[in-house]
Every structure is written in structure tokens, then in C-alpha cells.
Amino acid sequence: MRQAGRSATMAIVPGDEHRVLPIGSTGRRLPDLIHDSRLVEIPGGPHHIGWPHAEELDTVLTGFLDEHRR
């Protein structure tokens, strides 16, 4: 994402069992549409991925933030 000379990397973290927005037609398409993004799929993850997969989501997001800390 770019705005006024700034850029940001985006983490895309969908669950592969999201019933409202199936990963094949949404999440897996986003890295091709969003520059400088990274897709990390959570196996078995539903719509509210943070509840049943909190530890996995925490690991992904913490690693992402540590990697992009300035």
C-alpha cells in the first residue's frame, strides 16, 4: 500500500475453511492484486479466525511485525 511517499507491506491471513468468502476466490487472489503483500493460510480457519486459531494467528502476525519493524 502506498500513500504520500510511504509504503507498507500487508499480511493476508485467511482461514482455508471460511464459508462466507471462500479462500480460492478471495484470499488466494489478493497477493496478485496487492503489491508487497504476503499470504499465510491458516488450515481449518473459519471466518472468525482469531477465536479458534489464536495461537497460530499470533505466531503469524508477531513474525510479520518483527520482520517489518523499522
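What follows draws every value from the coordinates through simple rules; no lab data is involved. Here the structure is a predicted model, which means the values were calculated and not measured. No Cβ is skipped: glycine too gets one built from the backbone with ideal geometry, and neighbour counts run over all protein chains shown.
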Self-check item: Neighbourhood net charge (15 Å Cβ-Cβ; Lys/Arg +1, Asp/Glu -1) for Gly15
Solution: -4
Quiz prompt | Ile12 versus Val40: modelled label distance in nm, points set 7 Å from Cα along the beta carbon direction | solution = 1.6 nm
Quiz item: For the charge dipole of the chain, defined by +1 on Lys and Arg C-beta atoms and -1 on Asp and Glu C-beta atoms about the Cα centroid, which residue among Pro14, Ile34, His68 has the Cα displaced farthest towards the positive pole?
Solution: Ile34
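So, counting K/R as plus one and D/E as minus one, what does the shell of residues with Cβ under 10 Å around Gly45 add up to?
Net charge around Gly45: -4.
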Quiz item: Roughly what would the spin-label model give for Phe64 and Val20, points 7 Å off Cα along C-beta, in nm?
Solution: 1.8 nm
Self-check item: Taking the chain and dividing mean pair separation by its residue count, relative contact order in percent (alpha carbons under 8 Å, at least six apart)
Solution: 34 percent
Self-check item: Formal net charge of residues neighbouring Thr62 (Cβ-Cβ distance under 15 Å; K, R +1; D, E -1)
Solution: -3
